[in-house]
Every structure is written in C-alpha cells, then in structure tokens.
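In what follows, a structure is listed as structure tokens, so that the remarks can point back to it.
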C-alpha cells in the first residue's frame with residue numbers, strides 16, 4: 001500500500017492516480033483479456049478497465065450510464081456561493097424518469113478509517129438496491145453483477161465518490177457492493193430499497209481472483225466476516241437474473 005499526504009488528508013493512490021488522471025467508471029470480466037480503451041487512459045485505476053459511458057443531463061442531475069446496465073453514476077447540480085452550497089440528492093420524479101422507481105425504506109451512514117475495506121456485500125433474499133454517496137473524505141466504490149444467468153455476471157464497475165466531487169452511485173438489487181476508504185476518515189451515506197435482514201446478509205471475497213477488481217489497496221483492514229467470505233463461484237445463495245434492471 002502506498003500513500004500520499006497533504007495538509008488536508010492522506011489518500012491511498014495508485015500509479016495512475018498519481019499522474020493526475022480522472023476516473024469516470026470501470027468494468028472488467030475476470031475471464032476477459034486485459035484491454036485498453038480511450039476512456040481507460042483517463043482512469044485513476046490503471047489497466048484492466050473497459051468502459052462504455054453515456055452521459056444524460058437533467059435540471060438536477062448529470063447521469064453517467066456505466067457499462068453495467070442499470071448501474072448509474074449521478075452528479076447532482078450544485079448551487080454554490082460564499083455561504084456554502086445546495087444540491088438535491090434525491091427526488092422521486094427525477095429518479096422515476098431515470099427508470100429507478102424504487103421506494104427507499106432505510107438510510108444508513110458508515111464511517112471508515114483510511115485503509116478499511118467493506119464488502120463485497122449483498123442481501124439474498126430480500127435484495128437491496130442502494131443509492132450511495134460520500135459525505136466526508138473519499139471512497140473507491142465497487143459494484144459487481146452477481147445475478148446468475150446475467151450476461152454481465154462477474155463483471156464490476158468502480159468509481160471514486162468523494163465529498164468534493166459529490167457523485168452518487170446507484171446499485172440495483174442483485175448486485176454486490178463494496179468500498180475502501182481512500183482518506184483518513186471516509187463517510188458513506190446510502191439509501192436502501194429493503195430493510196436490513198441480518199439472516200440474509202452475505203458477502204463475496206473482496207480479492208476474488210475471478211473478479212480481479214483493481215482495488216487501490218493490497219492489505220486492507222477487514223471485518224472477520226468479510227475476510228472469511230467465499231469466492232463468487234463458491235457462494236451458496238445468489239440472486240437470479242430476471243432481466244435488465
């Protein structure tokens with residue numbers, strides 16, 4: 001693990017990030033050969049990133065469609081002046097127009113120290129859709145398609161979410177989610193479409209070689225549960241693919 005320090009925080013970085021390149025999003029299949037695209041050259045996280053992106057703008061949001069159908073990165077319109085700023089982080093009609101007709105029933109807030117990795121988490125049955133954002137520090141956020149029968153099974157998308165870029169990420173039900181803290185303190189706030197169900201809370205191993213996620217950290221601080229999580233191929237209970245979200 002390598003770190004970079006500043007007066008405001010210390011951030012975990014990769015070689016590509018140290019070149020000052022900007023992340024949009026990333027996806028990779030564990031079985032796919034490593035390829036480089038034009039967008040990949042602009043990524044924070046180096047090789048093995050393949051991405052197709054379309055940006056849609058509205059009055060309140062810029063929406064980036066990632067190469068996992070249904071997984072969206074959202075950039076709220078921020079109205080800032082000398083007093084501070086204002087932005088909308090959720091509005092039901094705007095989200096319905098994006099195809100997200102979800103009812104959120106629970107909000108959660110987690111804080112992680114630098115180097116902490118949480119994930120890859122999912123709930124099955126009672127799968128959760130999650131709308132996540134970072135309200136303090138910065139996070140490397142990952143979503144994996146784990147729906148059996150999906151044409152994108154085992155592929156992942158990643159983005160940096162931070163208090164400064166104010167990006168949000170929508171992970172539909174049927175996807176696993178995880179993140180690692182890039183700064184000394186990183187706060188993740190997220191909305192869920194179903195209640196937390198401890199009996200059906202599950203994990204996939206963060207370092208599963210079949211997924212080959214390009215985490216910007218090699219020796220994270222893990223919970224005992226996440227450290228002992230099975231690889232995707234060994235998971236006993238997974239969601240089924242029923243069509244695009």
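At a glance:
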| quantity | calculated |
| --- | --- |
| Contour minus Cα-Cα distance for residue 79 and residue 126 (0.36 nm per residue) | 13.2 nm |
| Segment 92-170: Cα Rg divided by the 2.2 N^0.38 Å rule of thumb | 1.21 |
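Only the coordinates and a few stated rules stand behind these numbers; no lab work does. None of these values were measured; they are calculated from a predicted model.
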